[in-house]
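The values are calculated or read from the model by the stated rules, or taken from the named source; none is laboratory data. As the structure is a prediction and not an experimental result, all values here were calculated from the model. Quick reminder, even Gly has a Cβ in these numbers, built from the backbone with ideal geometry, and neighbours come from all protein chains shown.
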Amino acid sequence: MARVFTREAFYDLVWSKPLTQLANEFSLSDVALHKICKKHDIPHPPLGWWAKQAAGKPVKPVPLPPAVTGTVPRITIASADLSPQSAALARVREQARILASTADDDLAAPPHPLIDRTLAKLRQAKPPETGLVALDAAGLIPCQVSVASIDRLAVILPRIVQAASLQGLVLTAGDGPAQFTSEAESVRFSITELVRREKHVLTDAERARQEAWQKRAAQSRSWNDVLPHRPHVPDWDYHLTGLLSFELEHVSVREGASPRRSFRDAKVQRLETMASDIAVGLAVLAAAKTAQRLQHEAEQRRLEEERQRRERAARLAHIEERRTAELEALLAEREALDQLRRLLATLPVEGPGEPTPRLAAFLSWAKTRLEAGEERLSPRAIEARLTAGRLFGDDDDHCYVPARWY
């Protein structure tokens, strides 16, 4: 629970012990405590002051200047969270506690239209068997409380809204339930009343009604005899505790424990005096959501870059395969023409005398085929062939289909 001091009491505390010791008691850094003192115009012992005092040298405290008109007359030190957390969230929490020092959880807060609408709906609703009225509609604050707790909400919610405004968080509602919104994030929340549930034990009156119904059912002589409905007996008894709980949405983080998300009534603390702690929790959770979103976006970028890398590699492999296939086809054709040319060069001298008619016809046909083949392997023909095959150009990846798993 937050600790609240008057300026005079905090001034006396600052001059009662070294700031390092006081900061450690508050679970704050020296820098944060210096900032709180500066924010409230509270002088603190300068460097070396305590050493001079210990040495017996004359030292005097710097007088407390009058408070500036319009400033908060109290100083609030929000509760610390000693659970393991990342350095980034620890910095956010400390900055939020500095901002919360100007809050005053004991003062009445101005009304808010979303709170007024929610309270009006709660007062109009008829409580069900559990005794809790539940709201979870657009434009309203999500809550589940008894009628007896509505007046407490009228005090608690405005204080939380006011404390959250110091952290740059505003209560808003669009198409859904109300939530706290900053420039970067929105944080969902709800407020519920704790209920104790116990197995129902029959009362004497209920037992008598059931026995009477069973007796009448046993005396029924025909299946079409009209019997009254069996007396209804609840399975459970619900006992309203009056203890309220302010719950924030869950956000998981990679480093340290997840931010605190539950603030509840206890023997000493009540939500009415926990507005600063809740506002700090909202600020930390919003920062955690931002970190989570940025991590997710970075991971998505990494996955997309990896997908593009794999696709580029697959595309290049497809291009290389097509080029290689075309090259092998050209080489095979060139080899076939070279063999035909060698054959034509040897056939006329191998036969005795004049060539026979069939050989002459073959040689003529083979020469024509050689000429045609040479033409197909000319630069002009190869250019046309590569163009038709969409090779070695901007359309080199023709017919490439990315794999589904990319």
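What number goes with the only condition from (1) surrounded by fewer than 12 Cβ atoms within 10 Å (Cβ to Cβ); (2) in contact with a Leu (Cβ under 9 Å, 6 or more places away or on another chain) that LEU331 does not pass?
Unmet condition: (2).
Across region 53-67, which residue is surrounded by the most Cβ atoms within 10 Å (Cβ to Cβ) among those that are touching a residue at least 40 places away in the same chain (Cβ under 8 Å) and not small (Gly, Ala, Ser)? Explain how you work it out, then say what you get.
Residues of region 53-67 touching a residue at least 40 places away in the same chain (Cβ under 8 Å): 61, 64, 67.
From what's left, not small (Gly, Ala, Ser): 61, 64.
Details: PRO61: 14, LEU64: 16.
Among those that are touching a residue at least 40 places away in the same chain (Cβ under 8 Å) and not small (Gly, Ala, Ser), it is LEU64.
Just the residues that are in a helix (DSSP H, G or I) and either surrounded by fewer than 12 Cβ atoms within 10 Å (Cβ to Cβ) or not small (Gly, Ala, Ser) (or both), please, taken from region 376-391.
Selection gives ARG376, PRO379, ARG380, ILE382, GLU383, ARG385, LEU386, THR387, ALA388.
In this structure, is VAL226 modelled with pLDDT under 95, in contact with a Leu (Cβ under 8 Å, 6 or more places away or on another chain) and outside any helix (DSSP H, G or I)?
Details: modelled with pLDDT under 95: yes; in contact with a Leu (Cβ under 8 Å, 6 or more places away or on another chain): no; outside any helix (DSSP H, G or I): yes.
No.
What residue, among those in region 155-193 that are buried (at least 18 other Cβ atoms within 10 Å of the Cβ) and of a type in the set (Val, Ile, Thr), is farthest from ASP265 (Cα to Cα)?
THR181
What do you reckon, is ALA291 touching a Ser or Thr at 6+ places or on another chain (Cβ under 7 Å), of a type in the set (Gly, Ala, Ser), closer than 28 Å to ARG93 by Cα and assigned to a helix (DSSP H, G or I)? Can you show your working first?
Details: touching a Ser or Thr at 6+ places or on another chain (Cβ under 7 Å): no; of a type in the set (Gly, Ala, Ser): yes; closer than 28 Å to ARG93 by Cα: yes; assigned to a helix (DSSP H, G or I): yes.
The answer is no for ALA291.
Check whether at least one residue in region 162-169 is assigned to a loop (DSSP other than H, G, I, E, B), touching a residue at least 40 places away in the same chain (Cβ under 8 Å) and hydrophobic (A, V, I, L, M, F, W, C), and report yes or no.
yes
Just to be sure, is LEU202 at negative phi and surrounded by fewer than 18 Cβ atoms within 10 Å (Cβ to Cβ)? Give the derivation first.
Working: at negative phi: yes; surrounded by fewer than 18 Cβ atoms within 10 Å (Cβ to Cβ): yes.
Yes, satisfied.
Could you say whether any residue in region 249-266 is surrounded by 15 or more Cβ atoms within 10 Å (Cβ to Cβ) and of a type in the set (S, T, N, Q)?
Among the residues of region 249-266, not one is surrounded by 15 or more Cβ atoms within 10 Å (Cβ to Cβ) and of a type in the set (S, T, N, Q), which makes the answer no.
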